[in-house]
Structure formats: C-alpha cells, structure tokens
Amino acid sequence: MTLPVLSPRTRLGFEIAAAGVAGGIVGDALLRAMPWGLNVALGTMVLVGTGAWLVRRHHIKPGPDAAWLAITALLLGLAFLRRDAEMLTAFDAIALVGALALAAATLQGEVIAQWYPLDLARGVITASAASIIGGFQLLLSDIQWHELPQDDRMRNVRRVLLGVALAAPVLLVFAALFASADQVFSNVLTNVFDFNLQSVISHTFFMAFWGFLVAGYLRWCMLGRPLQGLTLDAKPITSVVPLATALGLLNTLFLLFVVVQLRYFFGGAALVEQTSGLTYAEYARRGFFELMTASGLMLPILLGADELVRKGAPPQIRVVRQLSGLLLAFLAVIMVSALQRMRLYVAAFGLSEQRLYATAFMILLVGVFVWFVWTVLRGRRQRFVFGALMQGLAVLAGLHLLNPNAFIVKSNLNRPAAERPFDAKYALTLGGDAVPPLLTSLPQLNQQDRCVVVHGLLKRWDKADVDWRTWNWSRARARSLVRDQASALRASCPANVKEQSNDH
C-alpha cells in the first residue's frame, strides 16, 4: 500500500511537536532545580540548537539579524554560569526572553535594525503570547492529521488503545478484590505500582508546561506570520498646535523644577535644611527614585510625539523636534540632579542592590536619550531601536564586569564606620560573589560583625550536597573558599557568641 505524502507544513509541524516533547523532558529534568545556573545554559543551548537544526533542515531563510541574536541568546544563557546575584540574574532572564522574541521575528524575515519602537513592543508581545498558545495551534490546525497513514496497522493501534480504556475499570476492580483476598498478591501489586503520586503529577505538569512553551515558541518562529496590528499607520496631522502646546507646558514645568534645583545646587545643605526641614541625606533619599521615574516616563512621551508628527509637514516636524530638544536639555539637568542625589544618598546610607541597579538604569537612560537626539531628532529614527538595544546589552555586560554584589560589599566596607556601621547581615544576603570580599575583610571587622559573617557563611556555604544542575562558578568558588577555611572560621568565632546585626 502506498503511504500518503505529508505536506511540508505537516512534516514541520510533527518535527516541532517532537522538539516540544524533547523540550518538555529536558525542561523538567533541568529547570526544576533552583537556583538556576548550568541548567539554564544547557537549556538555552538545546533550544537554540534545535531551532538552528529546523531552520537548516527545512531551508527557512531567516533575516539578517538571526546570527547575532542566536549568539546573544547563548551568551545570556552562559551568563547564568558566572555571577551569583539575584537581581542581575533577573535582568539576564528578561534579556534572554527578549533576545528569543527578537530571534523569532527575524526567523519570520523581519529586519530588527529597521524597527521602530512600537515594532519592538509588537515583537515581544506577539512572541510571548504565541509561545503560550502556539502548542495548541500546532496540534489543532498546523498538523493535518488526515494526512497520516490509514492502513490496518494504525487502525489496530487505535483498537488496542480503545480496549485498554475499556478494560481499565474492570482491571482495577478485580485487582482490588485479589489484593484483598491474598496478602502476597497485594504485596506484589504494591511493589509494581510503588510510586509517589504527587511526584508524578509534578513531573507531568512541568513536562507539559515546558513542552508546550518550546513547541509554541518554535511554531511561532517557523510557521507563524508577523503581526502588524500593533504598528500604527501614521497620518499627516492637520495642526501642530495641540502637540506644541502640550510640549510647551511640559517645558515650562521642567524649567521651573530646574530653577529650583539650581538654587539647591548652589545653596548646599544649609539651604535644603532651612527650606525643607530635611537633612541633605534625607532630601537626596526622597528625591532620586521620583526623578528616575520621571526620566523614564519622558522617553515614551517623546517617542509618541515624534510618531504623531512623523508624516507632518517639515515646519510641523521642526517645531516638535525643537520643543523636544529643549525638553531634553531640561531633562539633562534633572538627571544630573538625580545622580547627585544618589551620590549623597549612598554616602549617607551606604550602597545596596536597589541603589546600584537604579543608578545603572539612570546611566542607561542618559545613553538612550543621547542616542535619541542623535537619531530621532536628526530624522534617522529607524536607527533608534537597534542602538537602544545595544546600549541595554552593553550596560548589562558592564554590570557583569563590575561584579555588583562584590562591589557593594567593598564599597560599604570602605566607608568610615562612624558614618554608617557595616551591615554584616545584609552583606550575607548578596550571594556567592560577596563571599571573597567578606572573607578578606574579616580581620578589619569588630567581633560582633565578624561572628555574624562567620556563622552566616558557614551556615550557607559549608555544604557538600549540591545539585549539579544549579552549578555556578561564583557559588562553587564561595563553597570552596568557605570549606577550605571552615576550621579557622569556627575557631575565630565560637558558636556561643550571640549574633546581632545592624539596622539597614
């Protein structure tokens, strides 16, 4: 009997479904172990490798950005092997999801380097949604089940499955009766079906979750079509007056704030305390995050204004860009004020993860706004998204090179203790990257802080049983250092010394 020939779409659909099954097994085996480390690196390699194999096998022609996005995804997966910093790991995960979303778009033939800001949102949103529901689309519409062979062997398989379903209730009844009648038979059944139901349910759920997610993502990459619904079709505006009025009012508000800020710059701490009733440090503490939020909100406003006037007349475009440039000049003063406040804040209260990453975000915003001026305000808006993405990846790479948690510990240790006592309890929460500087600093700590650090390090890092899936270089180094010095650490601070911590 001649078997029917499967269509290319059905054949690709079956291979994606098979990749989803494999991805579910791999995901359940690797990614259920926490904290993430080697497992994420291996999972990313498997996903990228599977995608590359399918592209090559089915002669799919990707966009020009596919290669560097695949390399970026692999590097972001490998980043989980290096640093042990919770917030940095979260940013790595977000960047990895973004890189995979952009990779899906380029496999559909889109050119990332020519995207506008709304295209970026469209690409990430559609890839995320399609990965969630794509597995069901694959099974229900992409695979044409009627193309499968319909010979006697397939019919017999279906008949056997039907027979198993019919016999199952009867088998359970007789098995229960026989087990009750004979203890030996009961023991045999117990040994045969000795499994943890909760564990089975857990593994089944995670395999289904990762399997459908992988299949949905690959289905969107290979069989999906880019959606254009989120990209607005700009139309010429009839009048620039409403938009110019709104930007002018914003400029007025920003100018008023800048005048006040310049007054405080030159007046110093005495003027702040006299007019606000706050110390200079409290003034800085209360202002930075509000100014950071205001700076971040300004970017979509300026991008939206440029989008509205994009197809306007040259004089209209010129007016909006001039007002936007003036607004950015005022914003530059505000961002300098925000960074100055953070400097005062850290000098008074010490450095923390929140303060460090907030400062990094402000630095990123500075770079993005400079790039906005260089591209959008000069009529080259098609270059903005790509450059902004590159700056984001550059800041993320810079954070990895900085080693944030070790930098936080070193910065707080180098501050005069009279200004702000070292918070040993907080330092212990910073992960494996903080262990080497903590061990180095033990001689300079007072007895109380030394015991807090010693007991915390021994409790967390002096362990032998470590899941290989969670391996990470920083955590492995921390365990090795603490184990090598465990005897000396215990001798330096007996267990009966009471642990206390400073307020943070």
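What is the gain in length, in nm to one decimal, between GLU147 and ALA179 on full extension, counting 0.36 nm per residue of separation less the C-alpha to C-alpha distance?
6.9 nm
Using the charge dipole of region 8-146 (Lys, Arg: +1 at Cβ; Asp, Glu: -1 at Cβ; taken about the Cα centre), state which of GLY20, GLY37, ALA127 has its Cα farthest towards the positive end.
Of the listed residues, the answer is GLY20.
Excluding PHE14 itself, what net charge comes from residues whose Cβ is under 11 Å from its Cβ, given Lys and Arg +1 and Asp and Glu -1?
Result for the neighbourhood of PHE14: -1.
What list of whole percents do you get for P(r) of the chain, with Cα-Cα distances grouped in 10 Å bins up to the one holding the largest distance?
With 10 Å bins starting at 0, P(r) equals 3, 14, 18, 20, 19, 14, 7, 4, 1, 0.
I need the Debye-formula profile for region 407-492: one equal scatterer per C-alpha, no solvent, reported as log10 I(q)/I(0) at q = 0.12 1/Å, two decimals.
-0.35
Could you please state, rounded to a whole Å, how far the C-alpha centre of region 9-52 is from the C-alpha centre of region 369-426?
A separation of 32 Å, based on Cα centres.
Compare the Cα positions of PRO300, ALA101, ALA246 along the charge dipole of the chain (+1 at Cβ of Lys, Arg; -1 at Cβ of Asp, Glu; about the Cα centre) and return the one farthest towards the positive end.
ALA246
Taking the Cα centre of the chain as the origin and placing charges on Cβ (Lys, Arg +1; Asp, Glu -1), which of TRP371, LEU439, ALA208 is farthest toward the positive end of the dipole?
TRP371
List the Cys residues of the chain that have no partner Cys with a C-beta closer than 4.7 Å.
Unpaired cysteines in the chain: CYS221.
So what's the net charge close to VAL373: Lys and Arg +1, Asp and Glu -1, counting the other residues with Cβ under 13 Å from its Cβ?
Once all neighbours under 13 Å are counted, the net charge is +4.
Just the number, please: Stokes-Einstein D of region 309-453 in µm²/s, Kirkwood Rh from C-alpha pairs, 25 °C, 0.890 mPa s.
Value of D from the Cα-based Kirkwood radius: 135 µm²/s.
Given a Förster distance of 30 Å, report the FRET efficiency between SER239 and ALA294 from their Cβ-Cβ distance, rounded to the nearest 0.05.
Approximately 0.60, to the nearest 0.05.
Based on DSSP loop calls and a cut-off of at most 10 other Cβ atoms within 10 Å, the longest stretch of the chain free of exposed chymotrypsin sites (Phe, Trp or Tyr not before Pro) is what?
Here the longest run is 196-504.
Show me the trypsin sites (Lys or Arg not before Pro) within region 354-429 that DSSP assigns to loop and that have at most 16 other Cβ atoms within 10 Å of their Cβ.
For trypsin sites (Lys or Arg not before Pro) across region 354-429 that sit outside H, G, I, E and B with at most 16 neighbouring Cβ atoms in 10 Å, the list reads ARG380.
Compute the Kirkwood hydrodynamic radius of region 8-146, taking the inverse of the mean of 1/r over all pairs of distinct Cα atoms, and give it in Å to one decimal.
About 16.1 Å for region 8-146.
Would you mind classifying region 241-400 by shape? Square roots of the alpha carbon gyration tensor eigenvalues, ordered a ≥ b ≥ c; an a/c under 1.5 is rounded, otherwise it is prolate if a/b is larger than b/c and oblate if not.
Oblate.
Each value in this text was obtained by applying a stated rule to the coordinates, not by laboratory testing. Values in this document were obtained by computation on a predicted structure and should not be read as measured data. Positions of Cβ are generated from backbone atoms using ideal geometry, with glycine treated the same way; all protein chains shown enter the neighbour counts.
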